[in-house]
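Scroll down for the structure; my scribbles are underneath it.
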Amino acid sequence: MKMFRCLLTFALFLTAMTACADKKAPISSEENQVIKTIMERRSVRKYAPHTVAKDTMEIILDCGINAPNAMNRQSWEIRVVDMNKHPEFAEALPAGIFRGAPTMVFVAAEKAQRFSPVDCGLLGENMILAAQSMGVNSVVLGGPAAMIAENPELKYLLDTLAFSAGYELIYCIGFGYGLENPDAKPRMKEKYRFID
Ligand SMILES: Cc1cc2nc3c(=O)[nH]c(=O)nc-3n(C[C@H](O)[C@H](O)[C@H](O)COP(=O)(O)O)c2cc1C
(Lines give C-alpha, C1' and ligand atoms only; values in the text may rest on other atoms or scores of the structure.)
Protein backbone atom coordinates (compact mmCIF):
# COMPACT_ATOMS: atom_id res chain seq x y z
CA MET A 1 0.00 0.00 0.00
CA LYS A 2 2.84 2.36 0.98
CA MET A 3 4.65 1.43 -2.24
CA PHE A 4 1.49 2.11 -4.27
CA ARG A 5 1.09 5.57 -2.66
CA CYS A 6 4.73 6.34 -3.41
CA LEU A 7 4.31 5.37 -7.07
CA LEU A 8 1.08 7.39 -7.34
CA THR A 9 2.77 10.50 -5.87
CA PHE A 10 5.67 10.08 -8.29
CA ALA A 11 3.30 9.71 -11.26
CA LEU A 12 1.37 12.84 -10.21
CA PHE A 13 4.64 14.75 -9.85
CA LEU A 14 5.72 13.70 -13.35
CA THR A 15 2.34 14.71 -14.82
CA ALA A 16 2.56 18.15 -13.15
CA MET A 17 6.10 18.68 -14.44
CA THR A 18 5.06 17.76 -17.99
CA ALA A 19 2.09 20.14 -17.79
CA CYS A 20 4.42 22.96 -16.63
CA ALA A 21 6.85 22.24 -19.46
CA ASP A 22 3.98 22.32 -21.97
CA LYS A 23 2.85 25.73 -20.72
CA LYS A 24 6.29 27.32 -21.14
CA ALA A 25 5.84 30.22 -23.56
CA PRO A 26 7.55 29.84 -26.93
CA ILE A 27 10.04 32.71 -27.08
CA SER A 28 11.31 32.85 -30.62
CA SER A 29 9.79 34.25 -33.78
CA GLU A 30 9.91 30.77 -35.31
CA GLU A 31 7.56 29.43 -32.64
CA ASN A 32 5.50 32.43 -31.59
CA GLN A 33 3.20 34.15 -34.10
CA VAL A 34 2.87 37.38 -32.09
CA ILE A 35 6.65 37.80 -31.83
CA LYS A 36 6.97 36.98 -35.53
CA THR A 37 4.37 39.64 -36.41
CA ILE A 38 6.06 42.28 -34.22
CA MET A 39 9.52 41.58 -35.59
CA GLU A 40 8.39 41.47 -39.22
CA ARG A 41 6.48 44.77 -39.13
CA ARG A 42 8.21 47.75 -40.75
CA SER A 43 6.98 51.17 -41.86
CA VAL A 44 6.07 50.89 -45.52
CA ARG A 45 6.19 54.02 -47.68
CA LYS A 46 5.20 52.67 -51.10
CA TYR A 47 1.76 51.16 -51.73
CA ALA A 48 -0.46 49.60 -54.35
CA PRO A 49 -3.34 52.03 -55.05
CA HIS A 50 -6.24 49.81 -53.90
CA THR A 51 -7.67 50.35 -50.44
CA VAL A 52 -7.97 47.77 -47.69
CA ALA A 53 -11.42 46.11 -47.80
CA LYS A 54 -13.95 47.39 -45.27
CA ASP A 55 -14.37 44.02 -43.51
CA THR A 56 -10.59 43.73 -43.09
CA MET A 57 -10.48 47.30 -41.75
CA GLU A 58 -13.27 46.45 -39.31
CA ILE A 59 -11.16 43.62 -37.86
CA ILE A 60 -8.20 46.00 -37.60
CA LEU A 61 -10.35 48.67 -35.91
CA ASP A 62 -11.90 46.15 -33.50
CA CYS A 63 -8.39 45.06 -32.50
CA GLY A 64 -7.53 48.74 -32.00
CA ILE A 65 -10.39 49.50 -29.66
CA ASN A 66 -9.62 46.37 -27.65
CA ALA A 67 -6.30 47.90 -26.57
CA PRO A 68 -5.73 48.59 -22.89
CA ASN A 69 -6.77 52.15 -22.07
CA ALA A 70 -6.92 54.24 -18.93
CA MET A 71 -9.99 53.39 -16.82
CA ASN A 72 -11.62 52.04 -19.99
CA ARG A 73 -12.60 55.60 -20.94
CA GLN A 74 -11.61 54.77 -24.55
CA SER A 75 -10.43 58.34 -24.89
CA TRP A 76 -9.99 58.21 -28.65
CA GLU A 77 -11.89 58.91 -31.83
CA ILE A 78 -11.02 57.30 -35.13
CA ARG A 79 -11.87 58.24 -38.71
CA VAL A 80 -11.14 56.00 -41.67
CA VAL A 81 -10.63 57.78 -44.97
CA ASP A 82 -10.41 56.22 -48.42
CA MET A 83 -7.70 58.46 -49.87
CA ASN A 84 -8.81 57.63 -53.41
CA LYS A 85 -12.27 59.05 -52.69
CA HIS A 86 -10.83 62.02 -50.78
CA PRO A 87 -7.94 63.36 -52.86
CA GLU A 88 -8.29 66.74 -51.11
CA PHE A 89 -6.14 65.45 -48.22
CA ALA A 90 -3.10 64.63 -50.36
CA GLU A 91 -3.69 67.68 -52.57
CA ALA A 92 -3.60 70.09 -49.62
CA LEU A 93 -0.31 68.84 -48.16
CA PRO A 94 3.25 68.46 -49.46
CA ALA A 95 3.59 65.71 -52.06
CA GLY A 96 4.24 62.25 -50.69
CA ILE A 97 3.60 63.14 -47.07
CA PHE A 98 0.91 60.43 -46.78
CA ARG A 99 3.40 57.96 -48.28
CA GLY A 100 0.86 56.87 -50.86
CA ALA A 101 -1.13 54.79 -48.37
CA PRO A 102 -4.66 54.39 -49.78
CA THR A 103 -6.48 53.83 -46.47
CA MET A 104 -5.83 56.46 -43.83
CA VAL A 105 -6.87 56.16 -40.20
CA PHE A 106 -6.90 59.48 -38.35
CA VAL A 107 -6.71 59.28 -34.55
CA ALA A 108 -7.83 62.03 -32.19
CA ALA A 109 -7.08 62.21 -28.48
CA GLU A 110 -9.45 63.52 -25.83
CA LYS A 111 -7.80 66.71 -24.61
CA ALA A 112 -9.17 66.51 -21.06
CA GLN A 113 -7.82 63.00 -20.47
CA ARG A 114 -4.25 62.94 -19.23
CA PHE A 115 -3.54 59.45 -20.55
CA SER A 116 -5.31 59.85 -23.86
CA PRO A 117 -2.07 60.02 -25.90
CA VAL A 118 -1.05 56.71 -24.31
CA ASP A 119 -4.48 55.21 -25.08
CA CYS A 120 -4.24 56.41 -28.68
CA GLY A 121 -0.74 54.99 -29.07
CA LEU A 122 -1.78 51.57 -27.78
CA LEU A 123 -4.86 51.66 -30.02
CA GLY A 124 -2.60 52.30 -32.98
CA GLU A 125 -0.13 49.55 -32.21
CA ASN A 126 -2.95 47.02 -31.87
CA MET A 127 -4.24 48.07 -35.28
CA ILE A 128 -0.79 47.95 -36.87
CA LEU A 129 -0.03 44.49 -35.54
CA ALA A 130 -3.47 43.11 -36.42
CA ALA A 131 -2.98 44.49 -39.93
CA GLN A 132 0.50 43.01 -40.22
CA SER A 133 -0.80 39.61 -39.15
CA MET A 134 -3.28 39.77 -42.08
CA GLY A 135 -0.70 40.89 -44.65
CA VAL A 136 -1.71 44.56 -44.51
CA ASN A 137 1.18 47.02 -44.27
CA SER A 138 1.17 50.34 -42.47
CA VAL A 139 3.00 53.54 -41.65
CA VAL A 140 2.43 55.82 -38.68
CA LEU A 141 2.33 59.46 -39.79
CA GLY A 142 2.77 62.31 -37.36
CA GLY A 143 3.78 64.97 -39.91
CA PRO A 144 0.53 65.33 -41.89
CA ALA A 145 -1.61 65.14 -38.75
CA ALA A 146 0.37 67.99 -37.16
CA MET A 147 0.01 70.09 -40.31
CA ILE A 148 -3.74 69.54 -40.49
CA ALA A 149 -4.24 70.16 -36.77
CA GLU A 150 -2.09 73.29 -36.61
CA ASN A 151 -2.83 75.08 -39.88
CA PRO A 152 -6.06 77.14 -39.75
CA GLU A 153 -6.17 77.12 -43.56
CA LEU A 154 -6.65 73.35 -43.47
CA LYS A 155 -9.64 73.51 -41.12
CA TYR A 156 -11.87 72.19 -43.92
CA LEU A 157 -9.98 68.87 -43.68
CA LEU A 158 -10.65 68.74 -39.94
CA ASP A 159 -14.30 69.51 -40.72
CA THR A 160 -14.41 66.49 -43.04
CA LEU A 161 -13.02 64.31 -40.23
CA ALA A 162 -15.65 65.74 -37.86
CA PHE A 163 -14.12 64.78 -34.53
CA SER A 164 -16.22 65.60 -31.48
CA ALA A 165 -15.60 68.77 -29.49
CA GLY A 166 -12.78 68.24 -26.99
CA TYR A 167 -10.80 65.93 -29.28
CA GLU A 168 -7.66 66.82 -31.22
CA LEU A 169 -6.11 65.04 -34.15
CA ILE A 170 -2.73 63.68 -32.99
CA TYR A 171 -1.61 61.24 -35.67
CA CYS A 172 -2.66 59.06 -38.52
CA ILE A 173 -1.82 55.59 -39.74
CA GLY A 174 -1.70 54.70 -43.40
CA PHE A 175 -2.71 51.15 -44.33
CA GLY A 176 -2.45 49.30 -47.60
CA TYR A 177 -0.62 46.64 -49.54
CA GLY A 178 3.06 47.50 -49.68
CA LEU A 179 5.24 47.59 -52.76
CA GLU A 180 8.44 47.52 -50.75
CA ASN A 181 9.90 45.39 -48.01
CA PRO A 182 12.19 47.59 -45.90
CA ASP A 183 14.83 46.17 -43.57
CA ALA A 184 14.58 46.70 -39.83
CA LYS A 185 16.28 49.88 -38.66
CA PRO A 186 18.83 49.43 -35.85
CA ARG A 187 17.45 49.58 -32.31
CA MET A 188 19.32 50.91 -29.25
CA LYS A 189 19.41 48.07 -26.76
CA GLU A 190 21.12 50.36 -24.22
CA LYS A 191 17.76 52.16 -23.91
CA TYR A 192 16.54 49.42 -21.63
CA ARG A 193 18.10 48.32 -18.41
CA PHE A 194 17.17 45.94 -15.61
CA ILE A 195 17.31 47.50 -12.16
CA ASP A 196 18.58 44.65 -9.93
C1 LIG B 1 4.60 59.08 -33.59
C2 LIG B 1 5.22 58.69 -34.91
C3 LIG B 1 5.24 59.60 -35.95
C4 LIG B 1 5.77 59.22 -37.18
N5 LIG B 1 5.70 60.10 -38.22
C6 LIG B 1 6.13 59.72 -39.44
C7 LIG B 1 5.97 60.59 -40.55
O8 LIG B 1 5.44 61.69 -40.45
N9 LIG B 1 6.42 60.16 -41.76
C10 LIG B 1 7.00 58.93 -41.93
O11 LIG B 1 7.37 58.59 -43.05
N12 LIG B 1 7.16 58.07 -40.88
C13 LIG B 1 6.74 58.43 -39.65
N14 LIG B 1 6.84 57.57 -38.58
C15 LIG B 1 7.45 56.24 -38.78
C16 LIG B 1 8.83 56.15 -38.16
O17 LIG B 1 9.73 56.91 -38.93
C18 LIG B 1 9.27 54.68 -38.05
O19 LIG B 1 8.36 53.96 -37.25
C20 LIG B 1 10.68 54.55 -37.46
O21 LIG B 1 11.65 55.13 -38.30
C22 LIG B 1 11.07 53.10 -37.20
O23 LIG B 1 11.01 52.33 -38.40
P24 LIG B 1 10.08 51.04 -38.51
O25 LIG B 1 8.66 51.50 -38.24
O26 LIG B 1 10.23 50.56 -39.92
O27 LIG B 1 10.54 50.05 -37.50
C28 LIG B 1 6.33 57.93 -37.35
C29 LIG B 1 6.29 57.02 -36.29
C30 LIG B 1 5.73 57.39 -35.10
C31 LIG B 1 5.64 56.37 -33.99
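The values are calculated or read from the model by the stated rules, or taken from the named source; none is laboratory data. Computed from a prediction, not measured in an experiment: that's the story for all the values here. Heads up, the Cβs are rebuilt from the backbone with ideal geometry, glycines too, and the neighbour counts pull from every protein chain shown.
Annotation: of all residues in the stretch 133-151 being in a helix (DSSP H, G or I) and away from the ligand (no atom under 11 Å from the Cβ), the one that is nearest to the chain's Cα centre (by Cα) is Ser133. There is at least one residue in the stretch 154-163 that is touching a residue at least 24 places away in the same chain (Cβ under 8 Å) and under 21 Å from the mean Cα position of the chain (by Cα). Of all positions in the stretch 22-31, none carries a residue that is surrounded by 12 or more Cβ atoms within 10 Å (Cβ to Cβ), modelled with pLDDT of 95 or more and either aromatic (Phe, Trp, Tyr) or within 16 Å of the ligand (Cβ to nearest atom) (or both). For the stretch 37-89, a residue qualifies if it is surrounded by fewer than 19 Cβ atoms within 10 Å (Cβ to Cβ), within 16 Å of the ligand (Cβ to nearest atom) and over 17 Å from Glu125 (Cα atoms), and the qualifying residues are Arg45, Lys46. Applying the set (1) without any contact (Cβ under 8 Å) to a residue 24 or more places away in the chain; (2) touching a strand residue (DSSP E or B) at 6+ places or on another chain (Cβ under 6 Å); (3) acidic (Asp, Glu) to Glu91 leaves exactly one unmet item: (2).
If you check Lys111, Lys155, Lys185 for being more than 10 Å from the ligand (Cβ to nearest atom), surrounded by fewer than 17 Cβ atoms within 10 Å (Cβ to Cβ) and over 20 Å from Ala67 (Cα atoms), only one passes: Lys155. Taking the stretch 158-179 as the range and being surrounded by 11 or more Cβ atoms within 10 Å (Cβ to Cβ) and in a loop (DSSP other than H, G, I, E, B) as the test, the residues that pass are Phe163, Gly166, Tyr177, Leu179.
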